[in-house]
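The block underneath contains the structure these notes are about, expressed in structure tokens.
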Amino acid sequence: MLEAGIGRAHNIAMASLSNFTIAGDTSPSHRYFAEDIVTPVIDFAAPGMLAVPTTPGIGFDINESAIRNALIEHKSYYANQESTTTVIPTW
């Protein structure tokens, strides 16, 4: 299944485990997205090989500007309150 950066980062982490044998989508980001929602971009370290991040967490940062650029609608949910919806205009 095609993954955006967050799912792809989790797939890379799982694929790096010694007892994990069937990885999900771990291809480079630029194959499918002009701009991915994580930084740094996911790319091959060598043909057919990915570098596994060693930093805490999933090893990637969220690219909030890419998410805002792709956002069509924002909806907030609150406990015991009315939810709010903001429609993002397309210019």
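What residue among 42, 72, 58 has the largest mean-square fluctuation in a Gaussian network model of the chain, using Cα springs under 10 Å? Sorting by GNM fluctuation, first place goes to 72.
Roughly how many percent of the accessible protein surface of the range 15-91 is carbon and sulfur, given a 1.4 Å probe and a whole-percent answer? Taking all protein chains in place, the range 15-91 shows 56 percent carbon and sulfur surface. Taking the C-alpha atoms only, the angle from helix 5-15 to the longest principal axis of the chain is near 30 degrees. One equal scatterer on each Cα of the chain, no solvent, Debye formula: the resulting log10 I(q)/I(0) at q = 0.13 Å⁻¹ is -0.56. With all protein chains kept in place, the per residue accessible area of the chain amounts to 75 square angstrom at a probe of 1.4 angstrom.
Placing pseudo-labels 7 Å out from each Cα toward the beta carbon at residue 65 and residue 51 gives an inter-label distance of 2.2 nm. In order along the range 42-58, the phi-based Karplus estimate (6.51 cos²θ - 1.76 cosθ + 1.60, θ = phi - 60°) of 3J(HN,Hα) comes to 8, 8, 5, 7, 8, x, x, 10, 10, 7, 8, x, 10, 7, x, x, 7 Hz; Gly and Pro are listed as x.
Calculated [222 nm] ellipticity per residue, helices only, for the chain: -5500 deg cm²/dmol; basis is -39500 (n - 2.57) per DSSP H run with n ≥ 4, divided by all residues, nearest 500. Of all the options 44, 20, 60, the one that moves most in a Gaussian network model of the chain with Cα springs shorter than 10 angstrom is 20. Distances between placed amide hydrogens fall under 5 Å for residue 50 paired with 45, all partners being 5 or more residues away or on another chain.
With r defined as the distance between the Cβ atoms of residue 19 and residue 44 and R0 fixed at 30 Å, what FRET efficiency is calculated, to the nearest 0.05?
On the way: r = 24 Å, r/R0 = 0.79.
Efficiency at R0 = 30 Å is approximately 0.80.
What is the set of long-range amide H partners of residue 38 at a cut-off below 5 Å, with H atoms built 1.01 Å from backbone N? Placed amide hydrogens put 5, 63 under 5 Å from residue 38. Under a Gaussian network description of the chain, with springs only between Cα atoms under 10 Å, the residue in 35, 73, 64 that fluctuates furthest is 73. What you get for the chain, charging only the Cβ of Lys and Arg (+1) and of Asp and Glu (-1), is a dipole of about 100 debye around the Cα centre. Of the residues 48, 21, 62, the one whose Cα sits farthest toward the positive end of the charge dipole of the chain, with +1 on the Cβ of Lys and Arg and -1 on the Cβ of Asp and Glu, is 21.
The values are calculated or read from the model by the stated rules, or taken from the named source; none is laboratory data. Computed from a predicted structure; not experimentally measured. With ideal geometry, Cβ positions are generated from the backbone for all residues, glycine too; neighbour counts draw on all protein chains shown. The area values use the complete protein model at the heavy-atom level, side chains included, leaving out ligands, DNA and RNA. Shrake-Rupley method; radii C 1.70, N 1.55, O 1.52, S 1.80 Å.
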